[in-house]
Amino acid sequence: MKVLIINGPNLNLLGVREPGIYGARGFEEYLAELNSRYADVLSIEYFQSNHEGSIIDKLHENGFGQVDGIVLNAGAYTHTSVAIADAISAINTPVIEVHISNVHRREEFRRHSYISPSCVGVIAGFGLDSYRLGIEAIRERAKK
Ligand code: DQA
């Protein structure tokens, strides 16, 4: 099985960026943990970009059978991007929306997601473990 994790803008600064909200751990370290946890059952590809168009290109490239599922943290584009929502709707690969923080406990503008209606489901508020939960959702879905 193959899973792609896409991180959007500012998520390259995890570990440094607002640690009170996003934690003190960098994503690369967490990714290494995920890779060893799932080493026998799936391969995880990782992509991060601060650019909306690059995220859309990556969704297109992996949208038609290249991977079994995509775990997407679109960062602030979640709350602004009709173009990313359209890209998710345009592809066949299931996309799980994830957020490290509980966006519903924060500012009002974070409560609205343009991408949720195009995604299979949403996981928010479990810290970095949100990504593992996203992978588990893809694995369960693949069994059906
Ligand atoms: C985030 C929540 C977004 O509102 C924010 O813009 C981010 C990160 C999260 O993972 O909690 O960049 O997606």
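Worth pointing out:
- For beta carbons closer than 7 Å, sequence separation of 6+ or different chains, a first residue in region 122-142 that is open to solvent by 40 Å² or more (accessible area, probe 1.4 Å) and a second that is of a type in the set (D, E, K, R), the qualifying pairs are Val122/Glu97; Ala142/Asp68.
- Every test in (1) more than 16 Å from the ligand (Cβ to nearest atom); (2) part of a helix (DSSP H, G or I) is passed by Gly65 save one, and that test is (2).
Listed here are the residues, each with its yes/no results for (1) open to solvent by 40 Å² or more (accessible area, probe 1.4 Å); (2) farther than 20 Å from Leu34 by Cα; (3) at pLDDT 95 or above.
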{"position": "Val71", "(1), (2), (3)": "no, no, yes"}
{"position": "Ala87", "(1), (2), (3)": "no, yes, yes"}
{"position": "Thr93", "(1), (2), (3)": "no, yes, yes"}
{"position": "Pro117", "(1), (2), (3)": "yes, yes, yes"}
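- Hits in region 82-138 (condition: of a type in the set (D, E, K, R) and not in a helix (DSSP H, G or I)): Glu97, Arg106, Glu107
- Some residue of region 108-130 being more than 14 Å from the ligand (Cβ to nearest atom) and among the aromatic types (Phe, Trp, Tyr): no
- Note on region 1-49: residues that are part of a loop (DSSP other than H, G, I, E, B), in contact with a helix residue (DSSP H, G or I) (Cβ under 6 Å, 6 or more places away or on another chain) and buried (at least 16 other Cβ atoms within 10 Å of the Cβ) amount to 4.
- Val41 being of a type in the set (A, V, I, L, M) and free of Cβ contacts under 8 Å to residues at least 60 places away in the same chain: no
The values are calculated or read from the model by the stated rules, or taken from the named source; none is laboratory data. Here the structure is a predicted model, which is why all the values come from computation and not from measurement. Positions of Cβ are generated from backbone atoms using ideal geometry, with glycine treated the same way; all protein chains shown enter the neighbour counts. Remember, those area values only see protein heavy atoms, side chains included, never the ligands or the DNA or RNA. Shrake-Rupley method; radii C 1.70, N 1.55, O 1.52, S 1.80 Å.
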